[in-house]
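The values are calculated or read from the model by the stated rules, or taken from the named source; none is laboratory data. Small disclaimer: the values here were computed from a predicted structure and weren't measured. Quick reminder, even Gly has a Cβ in these numbers, built from the backbone with ideal geometry, and neighbours come from all protein chains shown.
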Amino acid sequence: MSMARLIRLLASVLLLIGSGTMAEAHTRSESHTNWVIDGRLVRVDVTIPDLEAARLDPKGGRPTDMRILSYLRTRVTVSTGGKRCVMAAPAHMIAAAPRFRRAALAYDCPGTADMTLHFDAFFELVPSHFDLAQIQFANGDFSEQIFTSDSKDVDLKKTEGGELADASFLKFVEMGIMHIFTGIDHMSFLLGLVLISRRLKDLIFVVTGFTIGHSMTLGLAVTGILRPHGEYIDALVALTIALIGIENVVVTLKRPDNLALATGALLSGMGILRIFGFGSLPPLLLIGAAMFTGCYLMISGHLQDAGRLRMVVTTVFGLIHGFGFAADLLENRLPKEKLAEILLGFNLGVEVGQLAVVLVATGIVVMARRMRLATPRAITVDVLASCLVAVGMFWFIGRSFTAG
């Protein structure tokens, strides 16, 4: 089988891998908790993205405050000496950032000996869910932990600096791998790269360029040089998925002018609507995206071999995708002495995760080849790329009118 056939079969496999969770928006399922230990009084704030809170509504809508509080009261608890602490005050909702819900709970414990914090929310809904926890003590000490489905309890006697502070390099690598495996946005974008790469070498280059973008973003963000505007990132991530799908169509049809103008006009129109109060993304951001999109599609569509240009643009797209994780990191206080190790380990995990998806899918394709399963490249690219365009634009427009 030719490399072209191998790659198009690989693309089909990746689409099947991602199709089951295509509606799940960005990457990860997560929440944030802030625990304050002041003697026998323990206060905890639970911050939940709207996407996670919607899981508590059978219809996927916006759950009531009472529903959220009722759910959290039995799943976010404190115990001492093996006995659960009683609530010191009624649980209540407090002010939160846009697109988040925030609940406050307080517990009165009979003592501080053998105190254990317990978090068991959302795991039955999303097994890969995790909670990033900050633990503050009255004496000023600070700890960070990660609650997962396999680690729902934190014994304060065994906590000295938190899981992030004490975690090994391999833990950060694992986080990077899971960032890819649980991120449907990244999987969709990777599918677009597979579709447009005619050679395996080209695919490795563009995937690596994507990782370089991640690395640059995280480095600039966590060191304070750049601060991502978190509420806009999801929309831009969706736009990159749509653009890589459009580029696939452009390359297949060899007529970029109409598609480039149409895409630029759509983004410009959204920018104009924003000036009149419709939508939430900044108009300059939308107009700038329109100019970038039109120019890039024009150039890419007219070049005989856009491989080098594509790696540069993929790096730019990687910057945007990387802001999604960087925004999450900035919600938490990271141990400064381990920043370099966290960045290196996470990004290595991202690269391993991406390449693992490609290699595993390639093995499946080899087996499919022996079964003589193949479709014409033009049909494969047109159908799968059109799906990416549809999903990407659906996410982008939806998030553009809900961000902020």
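The residue that is nearest to the chain's Cα centre (by Cα), counting only those in region 126-179 that are among the hydrophobic types (A, V, I, L, M, F, W, C), outside any strand (DSSP E or B) and at pLDDT below 75, is Leu164. Restricting to region 240-266, what's the tally of residues that are surrounded by 24 or more Cβ atoms within 10 Å (Cβ to Cβ) and hydrophobic (A, V, I, L, M, F, W, C)? So the answer is 6. Pairing each residue of region 64-77 that is among the hydrophobic types (A, V, I, L, M, F, W, C) with any residue that is surrounded by 14 or more Cβ atoms within 10 Å (Cβ to Cβ) and in a helix (DSSP H, G or I), provided the two are 6+ apart or on different chains, yields C-beta distances under 9 Å for Ile68/Ala53; Ile68/Leu56.
For region 83-104, a tally of residues being assigned to a strand (DSSP E or B), aliphatic (A, V, I, L, M) and farther than 17 Å from Thr64 by Cβ returns 4.
The residue that is farthest from the chain's Cα centre (by Cα), counting only those in region 264-303 that are under 15 Å from Met393 (Cα atoms) and among the polar types (S, T, N, Q), is Ser268. For region 38-57, the set of residues classified as modelled with pLDDT of 90 or more and among the hydrophobic types (A, V, I, L, M, F, W, C) consists of Leu41, Val42, Val44, Val46, Ile48, Ala53, Ala54, Leu56, listed by residue number. Scanning region 245-263 for residues that are hydroxyl-bearing (Ser, Thr, Tyr) and either more than 27 Å from the chain's Cα centre (by Cα) or at positive phi (or both) turns up just one, Thr252. Candidates in region 267-304 are the residues that are in a helix (DSSP H, G or I) and aromatic (Phe, Trp, Tyr); of these, the one that is nearest to Val249 (Cα to Cα) is Tyr296.
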